[in-house]
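Everything below concerns the one structure shown next.
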Amino acid sequence: MKKYIFKRSIQSLITIWIVIFVVFMLLRLMPTSGYFTRDDYLTMTEEMRQAYLKSIGVLDPPLTQFKNFIVNIFNGDLGRSITVYPRLSITTILKEKIGYSAVFGFASIVISMGLGIPMGILMARYKGKIVDNLGTFYSVIVRAVPSLIYLFLFQVWVSKIFDLPMLFYKDRPESWILPAISMSLSSIAWYAIWLRRFMVDEANRDYIKFAQVKGLSESYVMRKHVLRNAFVPIAIGIPSDLLLIISGSLIIENLYSIPGMGGLLIDSIKQMDNNLVQVLVLIYSVLSVLGVFLGDLLIVFIDPRIRLTESED
Amino acid sequence: MDKMYYNGTELPDDLFDEIPLDEQLSEESGYSNYSYWRSTFRTFFKSKLSIFLVIIIVVLSLFSFLYPVFSNVDPQQVTLDMDKWNVNANSQNWFGTDGLGRDIWARTWYGTRNSLLLALVIALIEVGVGSIVGAIWGYVRRIDPLMIELYNIITNIPSTVYLILLSYILEPSFTTIVIALASSGWIVEAKFMRNKVLSLRESEYNIASQCLGTPLKRIVAKNIIPHLVSLIIMEAALTVPYSIGSEVFLGFVGLGLPLDSVTLGNMVNQGRANFMLYPYQMLYPTLVLCIITISFYIVGNKFADASDPKNHV
């Protein structure tokens, strides 16, 4: 077990390292105008621009720049944003934004597990009945229709029907309801549909039939055997979901104008804010690699049949 | 011939005849009327919903490809006549006109054609490259760690990074979008195929076939290829709604095709801007888009069910 954790940590570190390196090098392909705020770029002469670039180290060889970037990160200095929030330190920006995304992300996980898991259980229990058909219909709509379309129509129509505010206001808690629910719409379907499939698969196994033949009650078999086994593949994703709540949802934060993390990556890439892009890619890749790692560890505790030894393929 | 025993008593040799291996007879004894493809299609077309949706897909695709050939309405035709701006649906403009007096009916069908083309090209590249790489990946054990690492890296770099870099190098166009979407999609497909190939290769019936001395050619042709071909068809069908959805999303974040190109994604996003005043401008193209994505999604899933031999009668 210890050996496995050690091996996996090393592997994860290598992945993160390569991702950061590749993105860093890709960003060197971007034009250097991305290192200036718009006003600076227009007022400076060409010599001043070159001098400025030299002073911030952009003209150094890429490998030296990469080394400096890493050294700064370890010293706790994430650098400053250039074009998106001119001259603001990235730590400040993140502190401001992560809170919003994390709150909505967490609320959405609670809602989608709270509704999606019972829905999946009901669908599996009454397979082929009306509950199952309704659930399937819902999940087909949510998965096949582009999310922007149903999220937008949800916002417009539901806010009208229930007379809720269409945009997010920090000091009006009733305006938090719609974004939290719309963030859960697709993940409710995700939990329901997969749990249903795993439960149906599991319920067809021979040992389940044996348990029923032995005379165990239906609810006992469902709870102790079917659900427990069907939940293992669902559980793998939970650590990732929890860690990535801070990344926010681009569409929803945009529709409801929530000042969260959602659009930050796209904005920073579009405005070629290289410092911000690097830090964000670093954070996201660390979190997603860590999430996969924790997911693999989690199932060892949930499923005693899974043992992580060197013979694991 | 060895002595035969039954319950400890020796059986005399004259009870047995030695028969030379007869190719034809052995074929006949193993012959069943079962044909994989016939059963797959029979199961698939047994569902009325599948037939209905396949007809819808065929009719809509044919219509959207033929409409531009036979119609003389120019989807880009703007008019200075203010009476013809934002007209609601009527006998002349079946879906009404937009803010520049362009006919939404014509634009919808041009848009459908372009979006379908985009989606089909992406599906072909992703699934084509993905299946070939996935098949090799599943069979050649040695490249597995390398490919897993590549998979982690590619899926960890946000696709917007590729997209921006590409649109910086090339003009934002049909090709850029295809490359950007396919650049991360192919490895996801490849991973999916690799997992399938691995489990097929190790599945009991293939091991049994090998033990019975079935030549590799026959195992590949009868046991493995049918499985993969049905997976490829299914994945291609499911990539279509995904690609159309991505195009809508890219238009939303401002990274889509140029605004003057007519696609469903651009129409949805332009209609969204005027939704409060002229909801029909978004709703009609959205309706066509949803019919297409939902049909492809359901057909893909129904085909997946039908191609599973467990569901064959």
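Please list, in chain and number order, the residues 5+ apart from residue A:80 or on another chain whose amide H is under 5 Å from its amide H, with Hs placed from the backbone.
It is A:90, by chain and number.
Please order B:200, B:15, A:167, A:243 by the number of other Cβ within 10 Å, starting at the fewest. Can you show the working numbers first?
Numbers: B:200 17, B:15 8, A:167 14, A:243 20.
Starting with the residue having the fewest Cβ neighbours, the order is B:15, A:167, B:200, A:243.
Using the alpha carbons of region A:99-266, what is the convex hull volume per residue in cubic angstrom, as a whole number?
Spread over its residues, the Cα hull of region A:99-266 gives 127 Å³ apiece.
Taking θ = phi - 60°, what integer Hz values does the Karplus form 6.51 cos²θ - 1.76 cosθ + 1.60 yield along region B:204-210, in sequence order, with x for Gly and Pro?
Rounded to whole hertz, the list is 4, 5, 6, 5, 4, 4, 4.
Please rank A:26, A:265, fewest neighbouring Cβ atoms within 10 Å first, as an exposure proxy.
The fewest-first ordering by Cβ neighbours comes to A:26, A:265.
Can you compute the charge dipole magnitude of region A:1-55 about its Cα centre, using +1 on each Lys and Arg Cβ and -1 on each Asp and Glu Cβ, nothing else charged? Give it in debye, rounded to the nearest 20.
Result for region A:1-55 is approximately 740 debye, rounded to the nearest 20.
Counting only other chains, and only Cβ atoms inside 10 Å, what mean value do you get across the residues of B:151-163?
Numbers: counts 1, 11, 9, 2, 3, 14, 9, 10, 0, 7, 8, 1, 3.
Mean partner-chain Cβ count within 10 Å for B:151-163: 6.
Could you work out [θ]222 nm for chain B from helices alone, using -39500 (n - 2.57) per DSSP H run of at least four and dividing by all its residues? Round to the nearest 500 deg cm²/dmol. Walk me through the intermediate numbers first.
Values: 11 runs with 204 residues, N = 313.
So the calculated ellipticity at 222 nm is -22000 deg cm²/dmol.
Would you be so kind as to identify which of B:120, A:112, B:288 lies farthest towards the positive end of the dipole of the protein assembly as shown, taking Lys and Arg as +1 and Asp and Glu as -1 on Cβ and the Cα centre as origin?
A:112
Could you tell me the center-to-center distance, by alpha carbons, between region B:29-89 and region B:129-187 in angstrom?
Between the Cα centre of region B:29-89 and that of region B:129-187, the gap is 30 Å.
Going by the alpha-carbon gyration tensor, a ≥ b ≥ c the square roots of its eigenvalues, is chain A rounded (a/c under 1.5) or, if a/c is not under 1.5, prolate (a/b greater than b/c) versus oblate?
Verdict is oblate for chain A.
Let me check I've understood the local charge: for residue B:64, count other residues with C-beta under 13 angstrom from its C-beta, Lys and Arg +1, Asp and Glu -1. What total comes out?
+2
Gain in length, residue B:56 to residue B:212, computed as 0.36 nm per residue apart minus the alpha-carbon separation, to one decimal in nm?
Details: separation 156, 0.36 × 156 = 56.16 nm, distance 4.62 nm.
So the chain would gain 51.5 nm between residue B:56 and residue B:212.
Can you give the net charge of the other residues whose Cβ lies under 13 Å from the Cβ of residue A:133, counting K and R as +1 and D and E as -1? Don't skip to the end; give the middle numbers.
Values: positive: A:127, A:129, A:196; negative: A:132.
So the environment of residue A:133 carries a net charge of +2.
Return the distance in nm (one decimal) between the two label points of a simple spin-label model at residue B:74 and residue B:274, each offset 7 Å from Cα along Cα→Cβ.
1.9 nm
Where does each of A:28, A:49, B:141 land when they are ranked from fewest to most other beta-carbon atoms within 10 angstrom?
B:141, A:28, A:49
For region A:180-313, just say rounded, prolate or oblate: build the C-alpha gyration tensor, square-root its eigenvalues into a ≥ b ≥ c, call rounded for a/c under 1.5, and beyond that prolate if a/b exceeds b/c, oblate if not.
In terms of gyration-tensor shape, oblate.
Among residues other than residue B:44 whose Cβ falls under 13 Å from its Cβ, what is the net charge (Lys/Arg +1, Asp/Glu -1)? Each step should come with its number before you reach the end.
Working: positive: B:38, B:42, B:46, B:48, B:302; negative: B:305, B:308.
Result for the neighbourhood of residue B:44: +3.
For region B:101-210, rounded, prolate or oblate, judged on the Cα gyration tensor with a ≥ b ≥ c (square roots of eigenvalues), a/c < 1.5 rounded, else prolate if a/b > b/c?
oblate
From the phi of every residue in region B:258-269, what ³J(HN,Hα) in whole Hz does the Karplus formula 6.51 cos²θ - 1.76 cosθ + 1.60 yield, where θ is phi - 60° and glycine or proline is x?
x, 4, 7, 8, 8, 9, 4, x, 5, 5, 4, 5
Residue B:99's amide H: which non-local residues (gap 5+, or another chain) put their own amide H closer than 5 Å, with H modeled 1.01 Å from N in plane and none for Pro or chain starts?
It is B:86, by chain and number.
Let's see if you can work this out: charge +1 on each Lys and Arg Cβ, -1 on each Asp and Glu Cβ, no other charges. What is the dipole magnitude of the protein assembly as shown about its Cα centre, in debye to the nearest 20?
About 1260 debye.
About the Cα centre of region A:99-266, what is the dipole size in debye to 20, counting +1 per Lys and Arg Cβ and -1 per Asp and Glu Cβ, all else neutral?
640 debye
Quick one: helix B:225-252 against the long Cα principal axis of chain B, what's the angle to the nearest 10°, folded into 0 to 90?
Approximately 20 degrees, to the nearest 10.
Which longest run of chain A has no exposed loop site in it, a site being chymotrypsin sites (Phe, Trp or Tyr not before Pro) in a DSSP loop with at most 13 other beta carbons within 10 Å, and the site itself not part of the run?
Values: sites that count: A:126, A:162, A:169.
For chymotrypsin sites (Phe, Trp or Tyr not before Pro) (loop position, at most 13 other Cβ atoms within 10 Å), the longest site-free span of chain A is A:170-313.
Which loop trypsin sites (Lys or Arg not before Pro) in region A:68-159, with loop taken from DSSP, have no more than 10 other Cβ atoms within 10 angstrom of their Cβ?
Loop-located and lightly packed - A:87.
Once you average over the residues of A:127-139, how many Cβ atoms of partner chains fall within 10 Å of each Cβ?
0
Using each residue's phi in region B:129-142, evaluate 6.51 cos²θ - 1.76 cosθ + 1.60 at θ = phi - 60° and report the 3J(HN,Hα) Karplus result to the nearest Hz, with x for Gly and Pro.
Working through the residues one at a time gives 4, x, 5, 5, 4, x, 5, 5, 4, x, 8, 9, 5, 5 Hz.
Every number in this text was worked out from the coordinates using simple rules, so none of it is lab data. Note that the structure is predicted; figures quoted are calculated from it, not measured. Here the Cβ is made from the backbone with ideal geometry for all residues, glycine too, and neighbour counts use every protein chain on show.
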